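The values are calculated or read from the model by the stated rules, or taken from the named source; none is laboratory data. Predicted, not measured: the structure shown is a model, and the values here were computed from it. Please note: Cβ atoms are built from the backbone with ideal geometry, for glycine as well, and neighbour counts cover all protein chains shown.
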Amino acid sequence: MSGQLSTADSIKVEYYLQRADTLYEMSDYDSLPYLYLEALSYFRQSGNRMMEAQCLFRMAEYYRIISDIKNAELYLSRGEECIDESMPGYAESFADWYYIRGKILSSKGNYREALQNIQMAVEIQNPENLRMNARYMNFIGNIYSYMGDLDSAFIFYQKSFDLINAFTDEPAIEKAWYYMNVSQIYKERGEYDKVLEYLHKNIQVYNDIYGEDFQELCSSYLNLANYYTSTGSFDSASYYLDFAEIFIHNDSLSLYNRIPILFTYKGTLEYFLGNYIEAKNNYNQALQAAIKVYGSDHPNLRVYYNNYANCLKATGDYNNALINYQKSLESS
């Protein structure tokens, strides 16, 4: 039976949501299901369908983050069923739906459809919500980057940066994303001085907001390791890989999808050092981890099969190299 929440229950559910949303911003995901499901129970009891939908959307995002796409789609669908066009806040809630759906589609490698969904979120969202629109622009940049269109990616990353700077002069997570993402574009362009500059800016923002134990610093250190490998500073590369591995060991749930990257960069370092057997083992671990993260038919697997095949070839295992080159081609 639905009804109004008591004052005590209202305080409790507000605490659950505030704590969950704060942990989400900190990339600390372990407690999210408990907190969101507790809040969901209260909103169902009170008959607040809009907030029920928001809790379901948050659960969908949680499952997307941990690469459980089946449950992500299930919770997103349940949230959609809660939304009624007559509800106050309908437009903003549907913008959330499009945004999360776009992220789920991107996780599946359906980049064109993902882009369409994020663009729908942009059209629906209040343009005065600068922070949310900055996040949309950032993710559109991500999608273009995934598709290899770095010029378009750079344009949308810059739009995101301009919006978040209009929103606040203080350090913000969106500014850290910008520095990270643009550093990778500069890397692809061979502008290595800017890569290092922007990675250090990314790390500084993360430290300013959350301190040196912030989980997302794992990605910063992985990219620093890759930068130093690319520039031949192998000791520095090894140092930052060790740093990143500590983060992953300390929080394997939140950083689950960094495991393929860790082993890829370890494999790349060993390959550059001429340790092809070690490189092969690391690339194989990267491939197996990527299959767990993305599934067996995701286009992201192409690079993992290709790396593994290159090492098999370098060690003289030509038959298995050909098999994995073929799998790389089939994943494209």
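Might you let me know whether the range 279-294 holds any residue that is outside any helix (DSSP H, G or I) and in the same structural domain as Ser230 (by TED's automatic domain parsing)? Talk me through it step by step, then tell me what you get.
To start, the set of residues in the range 279-294 that are outside any helix (DSSP H, G or I) comprises none.
No: zero hits.
Taking the condition of being under 12 Å from Leu163 (Cβ atoms) and more than 13 Å from the chain's Cα centre (by Cα), how many residues in the range 107-135 meet it? Write out each step before concluding.
At the first step, the residues of the range 107-135 found to be under 12 Å from Leu163 (Cβ atoms) are 122, 125, 127-135.
Now narrow it down to the ones that are more than 13 Å from the chain's Cα centre (by Cα): 122, 125, 127-134.
Counting residues in the range 107-135 that are under 12 Å from Leu163 (Cβ atoms) and more than 13 Å from the chain's Cα centre (by Cα) gives 10.
Quick check on my filter: what residues within the range 282-326 are without any contact (Cβ under 8 Å) to a residue 12 or more places away in the chain, among the polar types (S, T, N, Q) and more than 20 Å from Lys108 (Cβ to Cβ)?
Asn319, Asn320, Gln326
Would you mind finding the one in Arg58, Arg78 that is more than 15 Å from Ala20 (Cβ to Cβ), surrounded by 15 or more Cβ atoms within 10 Å (Cβ to Cβ) and either of a type in the set (Lys, Arg) or more than 23 Å from the chain's Cα centre (by Cα) (or both)? Let's see the steps before the verdict.
Values: Arg58 fails: more than 15 Å from Ala20 (Cβ to Cβ).
It is Arg78.
Sort through Asn319, Asn306 and tell me the only one that's out of contact with any Ser or Thr (no Cβ under 8 Å at 6 or more places or on another chain) and either under 20 Å from Ile66 (Cα atoms) or assigned to a helix (DSSP H, G or I) (or both). Step through it out loud before you land on a result.
Values: Asn306 fails: out of contact with any Ser or Thr (no Cβ under 8 Å at 6 or more places or on another chain).
Testing whether each residue is out of contact with any Ser or Thr (no Cβ under 8 Å at 6 or more places or on another chain) and either under 20 Å from Ile66 (Cα atoms) or assigned to a helix (DSSP H, G or I) (or both) leaves just Asn319.
Which of the residues spanning the range 244-265 are surrounded by fewer than 17 Cβ atoms within 10 Å (Cβ to Cβ) and either among the acidic types (Asp, Glu) or farther than 18 Å from Leu287 by Cα (or both)? Let's see the steps before the verdict.
Step one: of the range 244-265, the residues surrounded by fewer than 17 Cβ atoms within 10 Å (Cβ to Cβ) are 246, 249-250, 252-253.
Selection gives Ile246, His249, Asn250, Leu253.
I'd like to verify a number: residues in the range 206-231 that are over 14 Å from Met26 (Cα atoms) and free of Cβ contacts under 8 Å to residues at least 24 places away in the same chain, how many?
1
Give the residue that is surrounded by the fewest Cβ atoms within 10 Å (Cβ to Cβ), with candidates limited to residues of the range 143-194 that are under 21 Å from Leu224 (Cα atoms) and among the acidic types (Asp, Glu).
Result: Asp193.
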